[in-house]
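The values are calculated or read from the model by the stated rules, or taken from the named source; none is laboratory data. The shown structure was predicted, so the numbers you read here are calculated from the model rather than taken from an experiment. A quick note on method: Cβ atoms are made from the backbone with ideal geometry, for glycine too, and the neighbour counts reach across all protein chains shown. Areas reflect the complete protein model, heavy atoms only, side chains present, ligands, DNA and RNA absent. Shrake-Rupley method; radii C 1.70, N 1.55, O 1.52, S 1.80 Å.
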Amino acid sequence: MTDQSGNPGSSGYSEKDVLREVTELQGKSATAARIFDLRRIIGGLFVLYGVIVTIAGITDDQAAIDKAQGVNINLWTGIAMLLLGIFFLVWLKLRPTPPPTPATAPGADDEPAAPAE
């Protein structure tokens, strides 16, 4: 028969087991938040595209430069993209995402009271 009184032992899990599971899930969630930080994604993409555009600017022929009124626009845009991407990655390194503080209910550390008989 099942115990309908809501005692912790009735479901097979104690309150400490549940709190441990919640703590593990919060840790995994914090790791995922750090991995998918937008600064990392934006910085990485800007660095990647900056390298590509800078190489295109270095290898441009004179006709492409003349078409842009004498300015090697690919080179300058690529350098600007590289600098912006590096800025985002340095910002991420200097100010990492803080881990979330676990929200504990008041009195969660207390042992459950024994039922009165």
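Some notes on this structure:
- Rounded percent of accessible protein surface that carbon and sulfur make up, segment 44-96, 1.4 Å probe: 73
- Förster-model FRET efficiency, 22 Å R0, F36 and W91, C-beta, rounded to 0.05: 0.85
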